[in-house]
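Here's the structure we're looking at; comments come further down.
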Amino acid sequence: MHDRSTTGDDAFSCNTVVASSLTVLTYLNPPGVLSIMGPRHDNDKASIEEICILPTTSEVHASRSEYLPLKDTTFPHHENGIHRLLDSQFRLLREDTVGQLRDGIRGLVKHWEVLISGNDMNAKRKCLQQIGSGMIILDSVRVVQLRSHRRKGIAIDVSFAQPDRVSRMSPYERMKWWKDSKYLQSGNLVALVHATFGTTFLLVVDREAIKRKPKEESQDWEYEDSTSDYDDPTLGYDDRNMGMNQGIGDLASDSNKAFISFTLANPNSMRDQARIMTIMQKAQRTARGTPGDALCFLRAFLKVPEVTS
């Protein structure tokens with residue numbers, strides 16, 4: 001659990017009460033509308049029932065520190081009794097989990113020109129060390145198309161640049177790397193980050209290392225079994241345009257790009273649906289070879305169920 005004090009603008013307020021025993025009680029700047037400075041962002045709520053578990057774009061861009069209650073029960077709190085306990089446990093647990101992801105995305109946006117638009121690998125490594133959240137970043141992301149998925153509703157087909165060292169592997173090595181990799185497993189939570197349009201959280205819905213055999217290694221391995229739930233079982237990778245053909249491509253066939261399918265972590269969010277449409281339309285108007293958006297996820301982030309509220 002988190003055991004740290006709030007700092008910055010939301011550090012201990014100036015209001016103090018001197019008790020008869022000369023003990024000084026310092027009040028934390030409370031959350032949401034209770035704060036003397038107003039809400040920190042659109043997800044800063046006095047009631048935990050109103051807090052979205054996943055961080056919002058406004059939360060990512062907020063300049064004021066999060067409200068984190070202290071464990072010391074002698075300090076005042078805006079709730080009492082069991083409600084205080086539940087409030088404190090929820091806020092601290094959320095900070096220990098998605099708080100890391102929020103801070104990583106915040107660092108990515110802050111250093112966007114270096115991490116996404118730049119080509120200096122040393123500068124990128126230094127930025128990632130500064131962020132220090134175990135963040136994995138995949139760049140040159142394009143939303144290729146949206147489709148109907150039998151179980152998940154909307155499927156979002158996405159391409160991204162192969163990791164640098166993976167792009168230099170042989171077709172067989174690349175296939176083995178993606179097959180053995182723990183990255184982007186089905187159900188994993190990732191963040192699609194756009195410097196202008198904000199952050200949308202996605203869940204991996206279909207992941208295939210390979211769909212066809214590289215000619216040079218055709219004797220050493222067999223076709224992957226498809227686990228897709230799409231209505232059309234004849235999914236294929238289109239080499240001519242490096243895009244999609246009736247469904248997702250795969251992660252390893254192309255040395256420059258990888259393909260995977262996601263669904264919205266919050267499928268009921270009209271804002272996320274509109275943002276995905278905007279990003280896809282932007283990608284269609286943008287010339288090839290220009291920096292795209294970014295996918296990011298924690299190296300050891302938890303596998304989460306679908307978020308419905």
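Every number in this text was worked out from the coordinates using simple rules, so none of it is lab data. It should be emphasised that the depicted structure is a prediction, and the values quoted were computed from it without experimental measurement. Cβ placement follows ideal geometry from the backbone for every residue including glycine, while neighbour counts extend to all protein chains displayed.
Points worth noting:
- For segment 49-120, alpha-carbon Rg over 2.2 N^0.38 Å: 1.42
- Computed over segment 155-207, the range of Cα coordinates on each principal axis works out to 36, 23, 16 Å, biggest value leading.
- Among HIS149, HIS78, sorting on how many other beta-carbon atoms sit within 10 Å of each Cβ, with the fewest leading, yields HIS78, HIS149.
- Globularity index of segment 92-144, i.e. its alpha-carbon radius of gyration over 2.2 N^0.38 Å: 1.23
- Local electrostatic count, ILE116, Cβ distance below 10 Å [Lys/Arg +1, Asp/Glu -1]: -2
- Three semi-axes of the equivalent ellipsoid, segment 81-184, Cα gyration tensor, whole Å, largest first: 31, 23, 15
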